[in-house]
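The next block holds one structure in the form of structure tokens; read it before the comments.
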Amino acid sequence: MGFFKKINKGLKKTRDSMAGAINAALYGKNEVDDEFYEDLEEILVMADVGVNTATEIVERLKDSVFKKNLHRVKDVQKEIRNIVADLLSGGEEIDMITVPSVILVIGVNGVGKTTSIGKMAAMFKEEGKKVILGAADTFRAAAIDQLEIWADRAGVDIVKHKEGADPAAVVFDTISAGKARNADIIICDTAGRLHNKKNLMEELAKIYRVIDRQLPYADREILLVLDATTGQNAVNQAKEFKEVAEITGIILTKLDGTAKGGVVLSIKNDLKVPVKFIGVGEGIDDLRPFNPAAFADGLFEEDKDEE
Ligand code: GDP
Ligand code: MG
């Protein structure tokens, strides 16, 4: 399935509930009125867009309707889509120019870190890049095994230690191996648990020091993985992680299983952290670089020739 189709399909639940409700609120109206603006704000909040961002969208819409003298319902719908695309734009680029570059993946248990790493590995490999994975989530043996399965699936190398090993030592060895084997991209899984902020901070600081020492000039992404099905909870998680880690972007997973896709707007606009990848399924090709225009289209318009 093509790039846009997959996103469109993955956003079905959010689209059905959010765009469906917007269409219903507009139904039978000849003009947008105050009642519609109130409905719209409520619909956006229900879709986990966040109160601030919902208000901003409504204010911007009122402004456009007035300035552009919009009357037709179709034009209003299109304007909402354009405002959303605009709010989502900026910072989504993934700059992995240096050889090697490093990606550190953090986030609470079960959000989809390991799965997303496997998918990223496959995606970069497809682009002709040499990828190496580091199993720095040493908390459970199963986490290491799972990353190994993904490495096999993607056809990339992996560096691992035993369960309970020092994560920074795994990162050290992964970077060393990456340099020796001329890897383009080094991706490290972490445990990244939040139950103890101080521990996490210390663990991450140690990992940063390893990267600083071994690859001082390398491009570096610290990607926080969030589970879209948790809605506003994901936003709160991101707030907490922001306090302990220098997050450069978000991987938002499980959009396929939820009507809470509006949370993307909350993350981007309230937290000011760019979304870089989205997960729209469990398969190896179900991770996509975030594309604001495609996402906005997917939120509002069903791809008619979807199979
Ligand atoms: P981790 O604990 O953060 O490493 O999370 P895992 O990578 O082990 O993923 C937890 C579960 O979420 C697994 O069953 C994955 O298949 C599932 N998962 C991850 N990403 C997605 C996604 O985009 N869509 C769906 N439907 N499931 C996902
Ligand atoms: Mg994992």
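Of the numbered criteria (1) touching a Cys at 6+ places or on another chain (Cβ under 6 Å); (2) without any contact (Cβ under 8 Å) to a residue 24 or more places away in the chain, the one ALA141 fails is (1).
Considering every residue within segment 118-126, establish whether at least one is away from ligand 1 (no atom under 14 Å from the Cβ), touching a strand residue (DSSP E or B) at 6+ places or on another chain (Cβ under 7 Å) and modelled with pLDDT of 95 or more. Yes, that holds for at least one residue. Looking only at residues of segment 234-246 that are surrounded by fewer than 24 Cβ atoms within 10 Å (Cβ to Cβ) and aliphatic (A, V, I, L, M), we find that the one that is nearest to ASP48 (Cα to Cα) is VAL235.
Might you let me know whether segment 150-162 holds any residue that is away from ligand 1 (no atom under 16 Å from the Cβ), crowded, with 18+ Cβ neighbours inside 10 Å, within 23 Å of GLU203 (Cα to Cα) and more than 21 Å from the chain's Cα centre (by Cα)? Taking every residue of segment 150-162 in turn, at least one turns out to be away from ligand 1 (no atom under 16 Å from the Cβ), crowded, with 18+ Cβ neighbours inside 10 Å, within 23 Å of GLU203 (Cα to Cα) and more than 21 Å from the chain's Cα centre (by Cα).
The one condition from (1) in a helix (DSSP H, G or I); (2) buried (at least 18 other Cβ atoms within 10 Å of the Cβ) that MET96 does not meet is (1). With respect to VAL111, determine if the residue is in contact (Cβ under 8 Å) with a residue 60 or more places away in the chain, surrounded by 21 or more Cβ atoms within 10 Å (Cβ to Cβ) and either among the hydrophobic types (A, V, I, L, M, F, W, C) or more than 16 Å from ILE222 (Cα to Cα) (or both). Taking the combined requirement at face value, the residue satisfies it. Here ILE7 fulfils each of the conditions (1) of a type outside the set (Ser, Thr, Tyr); (2) loosely packed, with under 14 Cβ neighbours inside 10 Å; (3) touching a strand residue (DSSP E or B) at 6+ places or on another chain (Cβ under 8 Å) apart from (2). Only one of the numbered conditions (1) charged (D, E, K, R); (2) touching a residue at least 40 places away in the same chain (Cβ under 8 Å); (3) on the phi < 0 side of the Ramachandran plot is not met by LYS68, and that is (2). Within segment 82-93, the set of residues being surrounded by fewer than 18 Cβ atoms within 10 Å (Cβ to Cβ) and more than 16 Å from the chain's Cα centre (by Cα) comprises ASN82, ASP86.
Scanning segment 117-149 for residues that are basic (Lys, Arg) and buried (at least 23 other Cβ atoms within 10 Å of the Cβ) yields a total of 1.
The number of residues in segment 231-265 being over 12 Å from the mean Cα position of the chain (by Cα) and not β-branched (Val, Ile, Thr) comes to 17.
Of all residues in segment 179-208, exactly one satisfies the criterion of being acidic (Asp, Glu) and either in contact with a strand residue (DSSP E or B) (Cβ under 6 Å, 6 or more places away or on another chain) or under 18 Å from THR114 (Cα atoms) (or both), namely ASP189. The residues on offer are GLY249, GLY231, GLY257, and the sole one that is surrounded by fewer than 24 Cβ atoms within 10 Å (Cβ to Cβ), near ligand 1 (Cβ under 10 Å from one of its atoms) and either under 15 Å from LYS9 (Cα atoms) or in contact (Cβ under 8 Å) with a residue 12 or more places away in the chain (or both) is GLY257.
Within segment 157-179, the set of residues being under 15 Å from VAL102 (Cβ atoms), hydrophobic (A, V, I, L, M, F, W, C) and more than 16 Å from ligand 2 (Cβ to nearest atom) comprises ALA168, PHE172, ILE175, ALA177. Any residue at all in segment 133-146 that's over 21 Å from ASN199 (Cβ atoms), away from ligand 2 (no atom under 16 Å from the Cβ) and not polar (S, T, N, Q)? Within segment 133-146, none of the residues are over 21 Å from ASN199 (Cβ atoms), away from ligand 2 (no atom under 16 Å from the Cβ) and not polar (S, T, N, Q).
The values are calculated or read from the model by the stated rules, or taken from the named source; none is laboratory data. All figures in this text were calculated on a predicted structure; none of them were measured in a lab. Here Cβ is always computed from backbone atoms with ideal geometry, including for glycine, and neighbour counts include all displayed protein chains.
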